[in-house]
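The values are calculated or read from the model by the stated rules, or taken from the named source; none is laboratory data. Please read these numbers as outputs of a predicted model, since none were measured by experiment. Cβ sites come from the backbone with ideal geometry, for glycine too, and all protein chains shown count toward neighbours.
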Amino acid sequence: MTAYDDEDRNVRVEDPKRIAMNYLDTWFLTDFLSLIPVEEIKLILNNSGSDIHVGVFRYNSLLKLMRLLKLMRLNAFLEKYLLDTCEIPSSLIRLAKFNIFVCYMIHFFACIWYFSARESSFNPQTWVARNSLQDQTEAYKYLVSVYWATQTITTVGFGDILSKTYTEFYINLFWMTIGSIYYAFLLSQLHDYLLVSANSEMIKEQKFDAL
């Protein structure tokens, strides 16, 4: 556990007790659930011939993905560092932060896309079976999932990885909605950056003319 910034009081908290309480209120439950050795428990139950249904343990994989949200804390450090040490417009920093977030979301939805097929045991209706990927490695399936997530959010959409099941349609619709928001934000930030750059050039020209 490390120190954290209390935004309400605008102070950095270094007291171990307060740090522990903050961790218990935020990331403890997610970390605890994601650390459960699901595969080992499923193996033990299967070997023992237990009738206990272990399908619910599959969703633990999604909890592990939530831990990646901690990486978003880097955004605050990135913004503070760039603002303090570099003369970079805030609009450009916001654009960089948002693109980092989009990279995380591409990974997250790629995992969701793969999970939707695995949860259905790769039956003939899933995208894995329809594209004859059952015998491919997990790494290759993940790469295809990232390929699908990237082409969907960038609105390229080659149409080679299609939706057929209800789950796939729901995931695709939600991801396309996020893609439209991404483009709207991207264009607005580019507009702000170009506007700031143009104003800076105009101010420089006026100073040169004054000389």
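So, Ser188, is that one closer than 30 Å to Leu92 by Cβ and modelled with pLDDT under 90 or not? Outline the logic, then answer.
Values: closer than 30 Å to Leu92 by Cβ: yes; modelled with pLDDT under 90: yes.
Criteria met by Ser188.
If Ile52 passes every condition in (1) surrounded by fewer than 14 Cβ atoms within 10 Å (Cβ to Cβ); (2) touching a helix residue (DSSP H, G or I) at 6+ places or on another chain (Cβ under 6 Å); (3) modelled with pLDDT of 70 or more; (4) of a type outside the set (Gly, Ala, Ser) but one, which one does it miss?
(3)
Grab the helices (runs of 4 or more DSSP H) fully contained in segment 109-211, keeping just those with 3 or more residues being loosely packed, with under 14 Cβ neighbours inside 10 Å. Talk me through it step by step, then tell me what you get.
Working: elements: 127-130, 138-153, 166-210.
The qualifying helices (runs of 4 or more DSSP H) are 138-153, 166-210.
Of the conditions (1) modelled with pLDDT of 90 or more; (2) under 15 Å from the mean Cα position of the chain (by Cα); (3) of a type outside the set (S, T, N, Q), Leu133 satisfies every one except a single condition; which number is it?
Going through the list (1) modelled with pLDDT of 90 or more; (2) under 15 Å from the mean Cα position of the chain (by Cα); (3) of a type outside the set (S, T, N, Q), Leu133 breaks only (2).
Could you list, ordered by first residue, the pairs with Cβ atoms under 8 Å in which the first is in segment 177-200 and free of Cβ contacts under 8 Å to residues at least 60 places away in the same chain and the second is among the hydrophobic types (A, V, I, L, M, F, W, C), at least 6 apart or interchain?
What qualifies is Gly179/Ile153.
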